[in-house]
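Engineer: Okay, handing you the structure first.
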Amino acid sequence: MPSLDETASVQLHSPHYLKSVAELGDARDLVASRDIYSTARVKLVASGTRFDSTLYEKLLNHRLLPSIDQCVSMEGLVDGRSLEDEAAIVLLDPRLANLKNAGELLGLFSAIPLHPAIAFKLTVMREQRPELFQHSVFVTLLASHLGREMGLKGRQLERLATAGLLHDVGIMHVDPRLLERSYRMSDIERHHLYAHPLTAWMILNEYAEYSTDVLDAVLQHHERLDGSGYPRGLKEGRIGLPGQILAVSEIVAGRQNKNDAHDRLRLGTILKFNSRRYGRQLIGHLKVFYREDGEQYLCTEDEKRQTGEKLDRMNSILASWSPDQASFPLGNFVQDRMDSLKIGLMDAGLISGEKNAILPPSGEEPEACAEAGILLGEAIWRVKSIVGEIRRRWPEIDGEADLPKYASVRKWIRDVERILSS
């Protein structure tokens, strides 16, 4: 499997993005603003040609120089005013209702520098992937709120807003199916998804308007303080505050889709469980999203049954790994990740002391079962992430080589997958 850097380099010439641009040309007046050449210096499209789907097949097998974003033009590009208008609409989202002085954040959008090629890319996103565009605006608002709460001002806040708006431009170069909730990705497709922060970094690095602070935050928006993120697996101390802010803003934007009691309980429970991965200080500024005075959520009988099943699965997973298996570097890696998971479970009160088993939720508190179900679901997701991280870092784990250093981890992966599929 190619490295993430190699994959990101290939994604710069993505057929998925080219198709989005061509389909936009079917609906809008898109014109080649210059001659379009391949990297082999073959002229493919003359300046002044209407750009639409009829050109897709012609360009599909060529790498373009310069990028397609620098070769086409249209009216009505995204600009500061239209971004402010979009942000004002997003602010009507009830999830943002409790942000204090949120209207003051709107002015940041007009301060975001937009190179014409990036303004075009955002326009393609707005027209062809509106859910991604709205997500980016939502993340920008939330990240700017967090930045303000953390004491960022002036240029620092403007750069954070810039990174928030542009953090997912790399996603435009990934197959849209990978973002569908029901779609089951293959390992190579997941590899392409993991590369998108690098793709975004490579795109923005072409333009002097975007400072190192912006580039670093975009690159780091999927990193985690415990080193479990991607694309670099950076740990606390190597992840800048803007990157940390974008990471937790993405979690809130992606996981909270409604504004009801259960959704708020779920978000708060997940954030607190992952406080060591996202940063306790940042999470402390997000209470307006997950807490309302006097609000309670009670478990249904079906949820109680599901919580019991998750409890059994998670206890089986915890019992499937022993420190004795950590005799090789890969085993040490699993031990480190499992220790981190158990610390989170201890912080959440599901494991007490040195015990290696999760206790059934107490029935004394009305929300105990609901919180336990959410925590156990998140813990199971974390285990799946550990398995995915192993395969990402050590793709040879699924190869033919029967090396002793892989044996215990291979067995553990098989045990985990058997438990989760039961």
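Every number here is computed from the coordinates shown, using simple stated rules; none is lab data. These numbers come from a predicted model, not from an experiment. No Cβ is skipped: glycine too gets one built from the backbone with ideal geometry, and neighbour counts run over all protein chains shown.
Engineer: Using the Cα centre of the stretch 80-290 as the reference point, and only Cβ charges (+1 on K/R, -1 on D/E), how large is the resulting charge dipole? Debye, rounded to the nearest 20.
Structural biologist: That gives the stretch 80-290 a dipole magnitude of about 800 debye.
Engineer: Further question: Quick one: what do you get for the chain if you divide its Cα Rg by 2.2 N^0.38 Å?
Structural biologist: That ratio works out to 1.06.
Engineer: Let me ask something additional. Ranking Val218, Val21 by Cβ neighbours within 10 Å, fewest first, what do you get?
Structural biologist: Val21, Val218
Engineer: Further question: By the gyration tensor of its Cα atoms, with a ≥ b ≥ c the square roots of the eigenvalues, what is the shape of the stretch 80-290: rounded for a/c under 1.5, prolate for a/b over b/c, or oblate? Mind showing how you got there, number by number?
Structural biologist: Values: a/c = 1.22, a/b = 1.05, b/c = 1.16.
Verdict is rounded for the stretch 80-290.
Engineer: Can you find, among Trp321, Thr162, Gly103, the residue farthest towards the positive end of the dipole of the chain? Put +1 on the C-beta of Lys and Arg, -1 on that of Asp and Glu.
Structural biologist: Final value for the positive-end residue is Trp321.
Engineer: So, one more: Can you compute the charge dipole magnitude of the chain about its Cα centre, using +1 on each Lys and Arg Cβ and -1 on each Asp and Glu Cβ, nothing else charged? Give it in debye, rounded to the nearest 20.
Structural biologist: On the way: 53 positive and 60 negative charges, 146 e Å.
Once rounded to the nearest 20, the dipole reads 700 debye.
Engineer: Between Gln244, Gln11, Gln281, where does the largest GNM mean-square fluctuation fall for the chain, given springs only between Cα atoms within less than 10 Å?
Structural biologist: Gln281
Engineer: Among Trp321, Trp394, Trp412, rank each residue by its count of other Cβ atoms within 10 Å, from fewest to most, as a rough exposure measure.
Structural biologist: So the residues, fewest neighbours to most, are Trp394, Trp412, Trp321.
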